[in-house]
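Working notes for the structure below.
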Amino acid sequence: MKARIVARPDVLRIVDLLRADGREVLAPFRGRGRDTYFDTVTDENRGRIELHLPNPYYPPKRYVLPPIERLLRVERKNGGYEIEPTYAEPRRAIFGIRSCDVAGIHHLDRFYLGRDYRDPYYEKRRRHLFLVNFVCTDPERDIGEECFCLCTDTGPAARGQFDLQLMDLGDEFMAVAGTPAGEALFVHPIFHRGTPAHIARRRAILEDVRRRFKTTTSWFAAAIRYVSQGGVPEKTWEQIGNRCLECGGCTYVCPACTCFTVSDRPAGPDTIERVRLWDSCALSGFTRMAGGFNPRRARHDRRNRRFFRKLAHHFIQRELAMACVGCGRCAAVCHGDIGMPSVVEMIRRAPKEAAPA
Amino acid sequence: MNAAPENVYLPQAAILDRVVAEIPEVKTFYWRFADPAAQEAFRRFRPGQFAQVSLWGAGEFPASLPPSPTEAETFFTIRQVGSVTTALHELRPGDQFAVRGPYGNGFPMEDYHGRNLVFVAGGIGLIPLRSCIVYALAHRDHYQRIQIFHGAKTPHELMYVDNLREWARTPGVECHLTVDRAADGWDGHVGVVGSLFKRPGVSVPMDNTTAFVCGPPIMFRFVIRDLLAMGFEEKNIVSTLERYMKCGVGKCGHCCIGVAYVCVDGPVFTYQQIRKLGEDI
């Protein structure tokens, strides 16, 4: 991978380059209080882009998998129906996507584009998406109480899957190209060649930042082993399930959750739209069939579905990574304190506590 | 696996040809694709696969394919149970809906070559097994004994009565029927499906036999218990599962139970696999 150096005042010029290339650029902004969000960069708001800020609760997943997405437009005509797929293929860039969310999109890539069937809607939204990854280096502003990417091995600096990676070295930024498209930007005069001192500085910062995480241990390996081998006592699953309020919040903020439902809705007197919407395995109707039979009996069955799906070795093997990227959002939004780090800890401790004294 | 089309979520227009009432709330819908090429491609499905059926404005649902690929016509047999199946039941011949598929693994019919086949169906559980039975009869030389056990609540609720009559007349096929409650001059057996196994004159072969079990949850549990007690191995008991599904292609997540996606890893599973999935059937 090639790297270049960008002077601090020039870093937002990258946004200008991407916009000049005809892309819609999404960048992080600060709202009120803790609130931060991704929004489309305009001439008006460009100056308010912030790089060091808490990662937005809503992951940038919606740029490849919108919460509501139209799949088909169906028009009644001459006694029959005209069925038309409605594709969106925007040219977009996400400027300032964190390493955890880069891993999230990579997970979605493997899930929606892998195995027997490819998802054409996802594929089209993903095709022209340019990712400018931003490495979390500021322990106060970048790294939240719940961040645990060290434990999922997805951060603080993504090792790939980005087009360009930016890291704050102080007065300058280091830009690393992850793809030919990213490297192509280096022809612009804002990018300068670096020195060995820059590389040493990058190493030193990363070394330091790794020690500044607040949630330092989440014992995934142990939890994966217990979950995969059926070693989690039923009582522990129940305890976890009993703390779930079935709000679905964890799944909506998760950058790696993939479930959706499909619904038809009227879009005019003779027109129907088929849309897909994010769905959540935590919700009670998720598996309920017509007629009312629900194969997931106990509430904790479905409430724990999420953790089983993310931690069972079978799925990790299938998707080549567990479906958790360590962003900590589920831990931040969960009212019952059963975000992923808490659950990993409960599972890890359970067999020991359940064992006869 | 059939070659995946460019858009797996895009169904193709289908035309309803005729409707036949089977039992209360259950009808068979004979249909074909508007595009003959689509019809030709679809007809290469395997017994036990399913399709996604679209009723525009109401939605989409997964439906078993009761016909065998050896038959000329394509049809669904559907119980009216929710809003989408109600929309299908309201269609008239000539009306359009849409279909995509076939999906799922289907029964590995080649693996059963040289074996005895025992079909045990409770009520509308005969719908997904019908494909397998007709297919086996069309390739009669490949299989040994074929036994069909079918039970329903009342004589009016026996499925596919024309087929049952035909199978009963076919040499080399045993067809045993039972009802929970006799009515209207029923002089056949009365009792649950499993009670047929113990009737005088009935002998279910244990060696070199695959049993196909499909029916409501309670029937399934008792028949499995009976078969295991008779000495069947779990791997020689096969069923096909139904789940709420939105995509049929392993993406929406609704049918995922245990480590399996019913839509792509199933819907056909052995009881050995089902037992490990950890949900009600």
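Values quoted throughout were computed directly from the atomic coordinates according to the rules given, and no laboratory measurement underlies them. It should be emphasised that the depicted structure is a prediction, and the values quoted were computed from it without experimental measurement. All Cβ positions, glycine included, derive from the backbone under ideal geometry; neighbour counts span all protein chains shown.
Secondary-structure-derived ellipticity at 222 nm for the protein assembly as shown, considering helices only, amounts to -7500 deg cm²/dmol, per-run term -39500 (n - 2.57) for DSSP H runs with n ≥ 4. In summary, the lysines within cross-link reach of residue B:235, defined as a Cα separation below 20 angstrom excluding same-chain residues under 8 places away, comprise B:276. Note on B:230, B:245, B:219: ascending count of other Cβ atoms within 10 Å places them as B:230, B:219, B:245, the fewest first. Relative contact order, whole percent, for chain B stands at 17, derived from Cα pairs under 8 Å and 6 or more residues apart. The Cys residues in chain B with no partner Cys Cβ within less than 4.7 Å of their Cβ are B:132, B:175, B:214, B:255, B:256, B:263. Taken along the Cα-to-beta-carbon direction at a fixed 7 Å, the label points for residue A:179 and residue A:246 span 4.1 nm.
Once both labels are positioned 7 Å from their Cα atoms along Cα-to-Cβ, the gap between residue A:200 and residue A:50 label points is 3.4 nm.
Legend: distances between Cα atoms for A:235/B:251; A:77/A:124; A:124/B:251; A:61/A:235; A:61/A:310; A:61/B:246; pairs beyond 25 Å are A:235/B:251; A:77/A:124; A:61/A:235. Computed on the range A:112-159, the Cα convex hull volume stands at 131 Å³ per residue. Restricting attention to the range A:83-124, which chymotrypsin sites (Phe, Trp or Tyr not before Pro) occupy a DSSP loop and are surrounded by at most 16 other Cβ atoms within 10 Å? Loop-located and lightly packed - A:87. Round to a whole angstrom and tell me the spacing of the C-alpha centers of the range B:75-108 and the range B:234-257. One Cα centre to the other: 17 Å.
With the convex hull constructed from alpha-carbon coordinates only, the range B:12-103 shows a mean projected area of 5.3 nm² over all directions. Here the translational diffusion coefficient of the range A:220-354 follows from Stokes-Einstein with Rh set to the Kirkwood radius across Cα pairs; for 20 °C and 1.002 mPa s it amounts to 133 µm²/s.
Take the convex hull of the alpha carbons in chain A; its mean projected area over all directions comes to 22.3 nm². Both radii were evaluated on the Cα set of the protein assembly as shown; the Rg over Rh quotient, with Rh as the Kirkwood radius, amounts to 1.04. Listed by chain and number, the aspartates and glutamates whose C-alpha is less than 19 Å from the C-alpha of residue B:27, apart from same-chain residues fewer than 8 away, are B:17, B:60, B:71, B:73, B:90, B:95, B:157, B:162, B:242.
Each Cα pair under 8 Å and six or more residues apart adds its separation to the average, and for the range B:125-272 the resulting relative contact order is 17 percent.
For the range B:11-35 versus the range A:1-57, the spacing of their alpha-carbon centroids is 55 Å.
Inter-label distance, residue A:20 to residue B:72: 7.0 nm, where each label sits 7 Å from its Cα along the C-beta direction. In percent, what relative contact order does the range A:3-209 have, based on Cα pairs under 8 Å that are 6 or more apart in sequence? It rounds to 25 percent for the range A:3-209.
By the combined test of axial Cα extent (at least 15 Å) and Kyte-Doolittle hydropathy (mean at least -0.5), the qualifying DSSP H helices of chain B come to B:126-138, B:217-230.
In terms of surrounding Cβ atoms within a 10 Å radius of their Cβ, B:159, A:1, B:206 rank from fewest to most as A:1, B:206, B:159. Take chain A, mark every one of the GluC sites (Glu not before Pro) that falls in a DSSP loop and has at most 13 other Cβ within 10 Å, then report the longest stretch left between them, sites excluded. Between exposed loop sites, the widest span is A:146-357. Bridges between two residues of chain A, per DSSP, are antiparallel at a rate of about 75%. From a point 7 Å beyond the Cα of residue B:144 in the direction of its Cβ, which residues of the range B:93-115 have a backbone N at a distance under 14 Å? B:112-115, by backbone N distance to the label point.
When the GluC sites (Glu not before Pro) in the range B:10-45 are filtered for DSSP coil states and for at most 15 other beta-carbon atoms within 10 Å of their beta-carbon, the remaining sites are B:25. Along chain A, counting only trypsin sites (Lys or Arg not before Pro) with a DSSP assignment other than H, G, I, E or B and at most 10 other Cβ atoms inside a 10 Å radius, the longest segment between sites is A:33-192.
So if R0 is 25 Å, what FRET efficiency would residue B:153 and residue A:239 give, r being the distance between their Cβ atoms, rounded to the nearest 0.05? E between residue B:153 and residue A:239, to the nearest 0.05, is 0.05. Note on residue B:218/residue A:40: beta-carbon distance plugged into 1/(1 + (r/R0)^6) with R0 of 51 Å gives a FRET efficiency of 0.35. Scaling the Cα radius of gyration of the range A:3-209 by the globular reference 2.2 N^0.38 Å produces a ratio of 1.13.
Enclosing the Cα atoms of chain B in their convex hull gives a volume equal to 130 cubic angstrom per residue. Each of A:215, A:154 was scored by other Cβ atoms within 10 Å of its Cβ. Arranged with the fewest first, they read A:215, A:154. Projected over every direction and averaged, the convex hull enclosing the alpha-carbon atoms of the range B:100-243 yields 9.2 nm².
Grouping the Cα pair distances of the range B:213-256 into 10 Å bins from zero gives a pair-distance distribution of 25, 37, 26, 12 percent in increasing distance order. Subtracting the Cα-Cα distance of residue B:113 and residue B:181 from their residue separation scaled by 0.36 nm leaves 20.8 nm.
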